[in-house]
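Peer 1: Here's a structure for you.
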């Protein structure tokens, strides 16, 4: 077993594709396939399920993956300690994030950090909050960004940003800049996916105000922020989104504060407490703490 085989396996898991893993690491696809085939032969187990278009881990692959990541990180830390040069940090930094951090503060952080560390490449996966938590727990990424604090003995949460939610509507809706929940529920809603912290927070606020889920007319269930915004623009209905995102839309939509839904949304950086960070993840985590108000 050598590190090229282990890195090939980890990168195929990250990108869920042999071809994408090859592109990202400047190897050919046959080389990636050979590395993994030899690794599976040496271990005596099948690590990857190649039957579907998207490559997934087998149960044995899931068990091996966390050790593979640890070995790669430990190797990088050893080289970093021997070189004694923090400016030479490189490699792939895998980040899991929910949709709002992905379109608000995260791009600036990535750009600023890479200015200091030119050798860094990013793999950024955008999903809902629950998927981010699951992926970090399963070690599909070292650092995550989500829109709610979680209570877990295995995950560390660091407050990094504050925002709040507003309602956006098509420009042809007669909508004042401030409305009550009772007025908002008259409109058809474009809901985010079930794992969305934005949706969960709004539903809890509505429930506290005496509105059950079934009082809302759901026009669509959408798992992508851009599609949600474009659907509102097209007149499909209204949606609850980040005020920071809404402020960047100009006159594309109407924006309204909901008077009885005014609590701030806090965003957190998360990571597993039990793992050793790669040098890239350790440096990025420190950079985030230094460059965001918390």
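Peer 1: Considering only residues that are under 22 Å from residue 145 (Cα atoms) and surrounded by fewer than 17 Cβ atoms within 10 Å (Cβ to Cβ), which ones fall in the range 201-219?
Peer 2: Residue satisfying the conditions is 204 alone.
Peer 1: Next question. Do you know which of the residues in the range 184-208 that are part of a strand (DSSP E or B) and touching a helix residue (DSSP H, G or I) at 6+ places or on another chain (Cβ under 7 Å) is farthest from residue 162 (Cα to Cα)?
Peer 2: 190
Peer 1: Can I ask one more? Which one is surrounded by the fewest Cβ atoms within 10 Å (Cβ to Cβ), of the residues in the range 91-114 that are under 17 Å from residue 290 (Cα atoms) and free of Cβ contacts under 8 Å to residues at least 60 places away in the same chain?
Peer 2: Result: 111.
Peer 1: Would you say residue 50 is in contact (Cβ under 8 Å) with a residue 40 or more places away in the chain and outside the structural domain of residue 197 (by TED's automatic domain parsing)?
Peer 2: no
Peer 1: Say whether the condition of being in contact (Cβ under 8 Å) with a residue 40 or more places away in the chain, closer than 25 Å to residue 69 by Cα and outside any loop (DSSP other than H, G, I, E, B) is met by at least one residue in the range 164-182.
Peer 2: There is no residue in the range 164-182 that is in contact (Cβ under 8 Å) with a residue 40 or more places away in the chain, closer than 25 Å to residue 69 by Cα and outside any loop (DSSP other than H, G, I, E, B).
Peer 1: Within the range 115-125, is there a residue that is crowded, with 17+ Cβ neighbours inside 10 Å, farther than 23 Å from residue 68 by Cα, in contact (Cβ under 8 Å) with a residue 24 or more places away in the chain and more than 13 Å from the chain's Cα centre (by Cα)?
Peer 2: Yes, the range 115-125 contains a residue that is crowded, with 17+ Cβ neighbours inside 10 Å, farther than 23 Å from residue 68 by Cα, in contact (Cβ under 8 Å) with a residue 24 or more places away in the chain and more than 13 Å from the chain's Cα centre (by Cα).
Peer 1: Name the residues in the range 28-51 that are assigned to a loop (DSSP other than H, G, I, E, B) and under 14 Å from residue 13 (Cβ atoms), would you?
Peer 2: 46, 47, 50
Peer 1: Return the residues of the range 220-235 that are crowded, with 18+ Cβ neighbours inside 10 Å and more than 19 Å from the chain's Cα centre (by Cα); say none if nothing qualifies.
Peer 2: 231, 232
Peer 1: Name the residues in the range 143-163 that are outside any strand (DSSP E or B), in contact with a strand residue (DSSP E or B) (Cβ under 6 Å, 6 or more places away or on another chain) and closer than 22 Å to residue 108 by Cα, would you?
Peer 2: 147
Peer 1: Something else now. Surrounded by 14 or more Cβ atoms within 10 Å (Cβ to Cβ), modelled with pLDDT of 90 or more and farther than 17 Å from residue 267 by Cα, is that true of residue 145?
Peer 2: No; evaluated as a whole, the condition is false for this residue.
Peer 1: A follow-up question, please. What number of residues in the range 52-76 are within 15 Å of residue 3 (Cβ to Cβ) and not in a helix (DSSP H, G or I)?
Peer 2: Selection size over the range 52-76: 0.
Peer 1: Oh, and also: Where in the range 209-294 are there strands (runs of 3 or more DSSP E), lying wholly inside it, with at least 3 residues that are touching a helix residue (DSSP H, G or I) at 6+ places or on another chain (Cβ under 7 Å) and farther than 15 Å from residue 185 by Cα?
Peer 2: By residue number, 264-272.
Peer 1: Just a yes or no: is a residue in the range 152-170 modelled with pLDDT under 90 and farther than 30 Å from residue 291 by Cβ?
Peer 2: No, every residue in the range 152-170 fails to be modelled with pLDDT under 90 and farther than 30 Å from residue 291 by Cβ.
The values are calculated or read from the model by the stated rules, or taken from the named source; none is laboratory data. Just so it is clear, the model here is predicted, and its values are computed rather than measured. Reconstructed Cβ throughout: ideal geometry from the backbone, glycine too, with neighbour counts over all protein chains shown.
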